[in-house]
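Accompanying notes for the structure given below.
Nothing in this text is a laboratory measurement; each read-out follows from the coordinates by a stated rule. The structure presented is a predicted model; accordingly, all values stated were derived computationally and were not measured. Note: ideal-geometry Cβ built from the backbone for every residue, glycine included; neighbour counts use all protein chains shown.
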Amino acid sequence: MLRKMLVFSWCAFLCGTLSSALSKTTQPSETKFVQNEIARGSNLLANNDIGKILDDPYLASAMYYSNSFFSKIRRRTNIRDQDKVIIDLAPLITSTARERYIAELRAFPENAPTRNLVLPVDRYKKITGNCRSCHPDAVDLFTEEGSTVRSMSSGIVVLAEGGWHPDQPLAASSPRGGNEIIIFDPSTDRFYRYCHLGSISVTVRNTVRPGQAIGTVGHTGINASLPNHGQHLHLEINQYDRKTGTNRSIPRRELVRELGQIRKK
């Protein structure tokens, strides 16, 4: 009996030691990752390397998000490493830098004006009008996984991430969004964000047209990957405001109304 107790105590001590060692080695690597990503984005902005922003998914994400998003994410109690990078990069983005970035996107070759918007998925369940638990500035379009996701507009792909994995938290700039695509439409100064994708079929700097297939509906991202979750496309639209040099989130109510108008055509 005494021998069993000693063996058990030794195993518990060894497991605790290994766990402590792993946490000590993992934490600095993640901290170093955050520091490196912030330094890289900061250098691009300081050196006015606007054309290279598309090569940095964290800086491209920071260029997309609105001030309301940053206000909301800073109030979270569990801020993830990817969020820390974007939060620290956001104050470094001046209105001048953002305008230069937008101008760079407008100058892309083969950019065509958007004449008619199209639905991002061919069919989806009816969207509830009033929903207290829904996103205030996004809509979830519930449909079959594997369904084709289409670009609503013409534009340039500014973010295309398909490497999300639940066991690799640092594999994507948005752990909640999972595999995602952001497309900027220069004819309207709008950013379209498509999240939780199963697969993506475009890359950064690709130009797209309305209705072009860009990926498939999946269940990637922290919440969407949980049991009985997923089976929907998360859609956001942010509008660039030239007067303020910032992006404004389109409220959910406007998104629902706009999708309804497209559906009726």
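Checking the cross-link filter: which aspartates and glutamates have an alpha carbon closer than 20 Å to that of K84, excluding same-chain neighbours under 8 positions apart?
E30, E37, D55, D56, E161, D167, E180
Could you state the number of Å between the C-alpha centres of the stretch 206-263 and the stretch 78-132?
Cα centres, the stretch 78-132 to the stretch 206-263: 9 Å.
Quick one: divide the alpha-carbon radius of gyration of the stretch 75-225 by 2.2 N^0.38 Å and tell me what you get. Could you put the intermediate results ahead of the total?
Values: Rg = 16.1 Å, N = 151, 2.2 N^0.38 = 14.8 Å.
Compactness ratio reported: 1.09.
Between R205 and N43, what is the label-point separation in nm under the 7 Å Cα-to-beta-carbon projection?
1.9 nm
Relative to 2.2 N^0.38 Å, what does the C-alpha radius of gyration of the chain come to as a ratio? Two decimals please. Before the final figure, lay out each step's value.
Numbers: Rg = 21.1 Å, N = 265, 2.2 N^0.38 = 18.3 Å.
Cα Rg divided by the expected 2.2 N^0.38 Å: 1.15.
Relative contact order for the stretch 139-264: what percent, with Cα pairs under 8 Å and sequence separation of 6 or more? Don't skip to the answer; put the middle values down first.
Values: 294 pairs, mean separation 37.6, N = 126.
This gives 30 percent for the stretch 139-264.
State the extension gain, in nm to one decimal, for the chain segment bounded by K52 and E104, taking 0.36 nm per residue of separation less the distance between their alpha-carbons.
On the way: separation 52, 0.36 × 52 = 18.72 nm, distance 1.03 nm.
Fully extending the segment from K52 to E104 adds 17.7 nm.
Under a Cβ-only charge scheme (Lys and Arg +1, Asp and Glu -1), can you give me the dipole magnitude of the chain about the Cα centre, in debye to the nearest 20?
Details: 35 positive and 25 negative charges, 164 e Å.
Dipole of the chain, to the nearest 20 debye: 780 debye.
What whole-number value in cubic angstrom gives the convex hull volume per residue for the C-alpha atoms of the stretch 127-177? Mind showing how you got there, number by number?
Working: hull volume 7.6 nm³, N = 51.
Normalising the Cα hull of the stretch 127-177 by residue number yields 148 Å³.
Take every Cα-Cα distance within the stretch 157-265, group them into 5 Å bins from 0 onward, and report for each bin the whole-number percent of pairs it holds.
2, 12, 19, 22, 21, 15, 7, 2, 0
So what's the net charge close to I200: Lys and Arg +1, Asp and Glu -1, counting the other residues with Cβ under 11 Å from its Cβ?
Details: positive: none; negative: E161, E180.
That sum, taken over residues with Cβ under 11 Å, equals -2.
Around I102, with a cut-off of 9 angstrom between Cβ atoms, what is the net charge of the other residues, counting Lys and Arg +1 and Asp and Glu -1?
Values: positive: R98, R100, R106, R242; negative: E99, E104, D189.
Combined, the nearby Lys, Arg, Asp and Glu give +1.
Divide by every residue of the chain the summed helix terms, -39500 (n - 2.57) for each DSSP H run of at least 4, and state the resulting mean residue ellipticity at 222 nm, rounded to the nearest 500 deg cm²/dmol. If you can, show how the numbers build up before the last one.
Working: 6 runs with 95 residues, N = 265.
My calculation for the chain gives -12000 deg cm²/dmol from helical runs alone.
If you line up the long axis of helix 2-46 against the longest principal axis of the chain, both from Cα atoms, how many degrees apart are they, to the nearest 10?
30 degrees
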